[in-house]
1. Which entries in Lys41/Lys128; Lys78/Lys120; Lys5/Lys128; Lys14/Lys78; Lys9/Lys120 show an alpha-carbon gap greater than 24 Å?
2. Could you tell me the distance between the Cα centroids of the stretch 1-74 and the stretch 106-130, to the nearest Å?
3. Using Stokes-Einstein with the Kirkwood hydrodynamic radius over Cα pairs, what translational diffusion coefficient do you get for the stretch 19-71 at 37 °C and a viscosity of 0.692 mPa s, in µm²/s rounded to a whole number?
4. Excluding ligands, DNA and RNA, what is the solvent-accessible area per residue of the stretch 34-79 at a probe of 1.4 Å, expressed in Å²?
5. Could you work out the local net charge near Gly8, counting Lys and Arg as +1, Asp and Glu as -1, over the other residues with Cβ closer than 11 Å to its Cβ?
6. Using the Karplus equation 6.51 cos²θ - 1.76 cosθ + 1.60 (θ = phi - 60°), what ³J(HN,Hα) coupling, rounded to whole Hz, does each residue of the stretch 4-14 give in order, writing x for Gly and Pro?
7. At a threshold of 8 angstrom on Cα-Cα distance, excluding pairs fewer than six apart, so keeping six or more, what relative contact order does the stretch 6-91 reach in percent?
8. On the protein heavy atoms, probe 1.4 angstrom, tell me the percent of accessible surface of the chain carried by carbon and sulfur.
Amino acid sequence: NPTEKLTGKWLSEKNAQGTVMGEVWQKKNSNSMIGKSFMIKNGDTTILETVDLVKDGNNIFYTPVAYGQNDDRPVQFKLTSITETAYIFENPQHDIPKRIVYDFTTSETLHAYIDDGTEKKRQHYYYKKQ
């Protein structure tokens, strides 16, 4: 399962506001993982979203629930591309993001980003494995 590279805890550097962004991923069973993205500020951790990553037949689906968005309902993204270092999940019908990309720059560093399918509205997250 190519997504097993995600297993573990990933944290960003502290930004100018003193905030650290992070994700933690664990294997649920042979066909699925569960992830959480969070923010740490002033020692307080806030969970931003939970993600189910599930292999269903020949497809892999990335299904986040972002708290306070989309009425807290899940949005499904399908794995559309795998390279040796990157996974691209897409949902062209969704407003933003349409695309979620995990690019493993090394085995210990991860550049994740979300966008509208172009570079115009792109949010970058740079993580190091903990």
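The values are calculated or read from the model by the stated rules, or taken from the named source; none is laboratory data. Please read all numbers here as calculations on a predicted model, not as lab measurements. Don't worry about glycine lacking a Cβ; one is built from the backbone with ideal geometry, like all the others, and counts go over all protein chains shown. Only protein heavy atoms, including side chains, enter the accessible area calculation; ligands, DNA and RNA are left aside. Shrake-Rupley method; radii C 1.70, N 1.55, O 1.52, S 1.80 Å.
1. In this structure, Lys14/Lys78; Lys9/Lys120 exceed 24 Å between Cα atoms.
2. Between the Cα centre of the stretch 1-74 and that of the stretch 106-130, the gap is 13 Å.
3. It comes out at roughly 271 µm²/s.
4. I get 59 Å² per residue for the stretch 34-79.
5. Around Gly8, the charge tally is +2.
6. 5, 4, 6, 3, x, 10, 10, 10, 8, 5, 5
7. RCO, the stretch 6-91: 16 percent.
8. 48 percent
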